[in-house]
Amino acid sequence: DDRDDAVFTPPRTVDAVHLQVGDNAINLQECVFDDADTCHIPDEALFHAQSAFFVSIVIVQWADVIACRTRRLSIYHQGMRNTVLNIGLLEETVLACILLYTPGVGVIGTRPIRFVHWFPALPFSMFIVIYDEMRKYLIRLGPPEGSEKKMNIVEEYTYY
């Protein structure tokens with residue numbers, strides 16, 4: 001019983017228009033560089049993926065800056081009254097849009113991405129904000145009644 005012969009991977013070749021897997025040939029649509037839906041060139045696909053990853057970093061930075069604004073106060077109590085911070089968030093987003101969607105800027109490796117590719121980072125951003133709000137709530141509760149400690153365990157191990 002020779003297991004190495006049981007797994008067969010057919011030879012595969014890819015170019016910009018044709019995909020050959022074994023005896024099966026698939027004709028791909030001609031690649032249009034400014035349309036992520038029809039692009040089948042691996043380097044262009046990589047640039048689109050890197051652009052989506054760049055956007056996810058920008059979105060998670062929104063959550064980080066919101067979470068790090070105060071050490072104890074909730075965003076509900078603090079609000080978003082810091083004009084400089086709000087302008088900074090807007091500026092970061094506008095800069096990301098300029099780097100992605102302005103013609104001629106693609107020489108640095110960015111490509112326009114579909115709007116839906118801005119969404120995968122949102123659950124992670126929400127998790128960061130919710131986690132930090134829960135942490136701040138537990139810190140505000142303080143140490144247990146009758147304890148000689150000045151701070152509770154959450155504050156002791158997560159307060160920066």
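The values are calculated or read from the model by the stated rules, or taken from the named source; none is laboratory data. From a predicted model like this one, the values you see are computed outputs, not experimental measurements. Every residue, glycine among them, receives a Cβ derived from its backbone with ideal geometry; neighbour counts consider all protein chains shown. Only protein heavy atoms, including side chains, enter the accessible area calculation; ligands, DNA and RNA are left aside. Shrake-Rupley method; radii C 1.70, N 1.55, O 1.52, S 1.80 Å.
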How high is the relative contact order of region 30-146? Use alpha-carbon pairs under 8 Å, at least six apart in sequence, and give a whole percent. 39 percent
Selection of GluC sites (Glu not before Pro), region 107-149, meeting DSSP coil and at most 16 other Cβ within 10 Å: Glu145, Glu148
For His48 the rounded accessible area (nearest 10 Å², probe 1.4 Å, non-protein molecules ignored) is 20 Å²
Per DSSP, the loop-located trypsin sites (Lys or Arg not before Pro) within region 81-155 having at most 13 other beta carbons within 10 Å are Arg81, Arg114, Lys149, Lys150
Going 7 Å from the Cα of Arg140 along its beta-carbon direction, which residues of region 67-88 have the amide nitrogen within less than 16 Å of the resulting point? 67-81
